[in-house]
Each structure stands twice: as C-alpha cells, then as structure tokens.
Amino acid sequence: MNALLFLGLLLLSVTVQGKKFPKCELARTLKRLGLDGYKGVSLANWMCLARWESNYNTCATNYNHGDKNTDYGIFQINSRWWCNDGKTPKAVNACRLPCSALLKDDITQAIASARRDVSGPQGVRSWDGWRNKCQNQDLRNYVQGCIV
C-alpha cells in the first residue's frame, strides 16, 4: 500500500512540473504552429519572450500582488484579461478558457491566447519580459543552431 501511495505522489509531482522545452524544440514547435511572423513578430522575438517570461516552462505561474492576478504558462498569459482562474477579481476571460489550460505540455491553447494578446493594441509590447529583455536587442541567438 505504501509503495502504491508513493508511486501516486511521484506521478502527481511529475505532472505538476509541466514541460520545460529545450530551446530548439520550442522554436520548431512555434514555427510549426504558425507563430513565426504572426502580426509581424519574428520567431526570435517569440523565443526571447518565452525565455524571459517562463524560461520555456509550460507550468510557470507568477502572482502579481499589486494587481491581484496571475500570469500562466509558457507565455505568461494574464488572468485579468485572457483566462479564468476563478480567483482574479473582475476577470474578462477574453480567450474563454480556464487558466489551467495554459499550463499543459501541449501549448496549442497557449499559442491561441498569445495570438489574441499580440493582436491587441499593445502588440508584443504588452509583455514586460519582451519590453525589458528583447526589444531593440539582437535576438539571433534565440534561434541560432536550431533547424527551423
């Protein structure tokens, strides 16, 4: 019985960790799913954004104390505007999905949400990580060595 409980806890801890993408695997995935050039944002920019927002981790979350909302997943999609986590006051949920959907290893829904976000008035500038680490930088190293 104890071994079964241990195995269950071990499996639970593995699923909670999410997937941390290797750089080139993520670059190929983003390109295959149509993000390269979407709304004028190059693949290198998407890669830089994902690096500084989540470190390529699908299960990354960040609670914003001042605004009382949370950023979710590989692109750190915000619960105030884009998804429903059931705890953010006055959430809009423009993507009409639970925030937990953004924490999956399959990043299809995260990409769909990022497309909506980047289509807004601020574009890619809506992400702090992109503004602070990627804007006006040479981003070639984010896809360098990857066959994309």
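The values are calculated or read from the model by the stated rules, or taken from the named source; none is laboratory data. Because the structure is predicted, anything quoted here is derived from the model rather than measured. A quick note on method: Cβ atoms are made from the backbone with ideal geometry, for glycine too, and the neighbour counts reach across all protein chains shown. These accessible areas exclude ligands, DNA and RNA; they are computed on the full protein's heavy atoms, side chains included. Shrake-Rupley method; radii C 1.70, N 1.55, O 1.52, S 1.80 Å.
Return yes when TRP46 is buried (at least 20 other Cβ atoms within 10 Å of the Cβ) and part of a helix (DSSP H, G or I) and no when it is not.
Here the answer is yes, as TRP46 does meet what is asked.
Every test in (1) within 13 Å of the chain's Cα centre (by Cα); (2) surrounded by fewer than 13 Cβ atoms within 10 Å (Cβ to Cβ) is passed by GLN122 save one, and that test is (1). Would you check if ARG51 is open to solvent by 70 Å² or more (accessible area, probe 1.4 Å), modelled with pLDDT of 95 or more and more than 18 Å from LEU102 (Cβ to Cβ)? Against the criterion (open to solvent by 70 Å² or more (accessible area, probe 1.4 Å), modelled with pLDDT of 95 or more and more than 18 Å from LEU102 (Cβ to Cβ)), ARG51 does not qualify.
Pairs are defined by a Cβ separation below 8 Å, a sequence spacing of at least 6 or placement on different chains, a first member in the stretch 128-146 that is surrounded by 11 or more Cβ atoms within 10 Å (Cβ to Cβ), and a second member that is aromatic (Phe, Trp, Tyr); the pairs so defined are GLY129/TRP52; TRP130/TRP52; LYS133/TRP52; CYS134/TRP52. So for the stretch 116-128 (the condition being touching an Asp or Glu at 6+ places or on another chain (Cβ under 8 Å), part of a loop (DSSP other than H, G, I, E, B), of a type in the set (Phe, Trp, Tyr) and at pLDDT 95 or above), does at least one residue qualify? Among the residues of the stretch 116-128, at least one is touching an Asp or Glu at 6+ places or on another chain (Cβ under 8 Å), part of a loop (DSSP other than H, G, I, E, B), of a type in the set (Phe, Trp, Tyr) and at pLDDT 95 or above, which makes the answer yes. For the stretch 79-100, the condition holds for no residue, the condition being that it is within 20 Å of ALA27 (Cα to Cα), open to solvent by less than 40 Å² (accessible area, probe 1.4 Å) and in contact (Cβ under 8 Å) with a residue 24 or more places away in the chain. When the residues of the stretch 15-40 are filtered to those that are among the hydrophobic types (A, V, I, L, M, F, W, C) and within 15 Å of SER113 (Cα to Cα), the one that is surrounded by the most Cβ atoms within 10 Å (Cβ to Cβ) is LEU35. I'd like the residue in the stretch 1-26 that is part of a helix (DSSP H, G or I) and modelled with pLDDT of 95 or more and, out of all such residues, is nearest to the chain's Cα centre (by Cα). Per the stated criteria, the residue is LEU26. Looking across the stretch 27-53, the residues that are closer than 13 Å to ILE74 by Cα and more than 11 Å from the chain's Cα centre (by Cα) come down to ALA27, THR29, LEU30, CYS48. Only residues that are among the polar types (S, T, N, Q) and either in contact with a Lys or Arg (Cβ under 7 Å, 6 or more places away or on another chain) or without any contact (Cβ under 8 Å) to a residue 24 or more places away in the chain (or both): list them for the stretch 22-54, please. Of everything in the stretch 22-54, just one residue is among the polar types (S, T, N, Q) and either in contact with a Lys or Arg (Cβ under 7 Å, 6 or more places away or on another chain) or without any contact (Cβ under 8 Å) to a residue 24 or more places away in the chain (or both), namely SER54. Looking at the stretch 101-118, which of its residues are open to solvent by less than 60 Å² (accessible area, probe 1.4 Å) and of a type in the set (Ser, Thr, Tyr)? The one that is open to solvent by less than 60 Å² (accessible area, probe 1.4 Å) and of a type in the set (Ser, Thr, Tyr): SER113.
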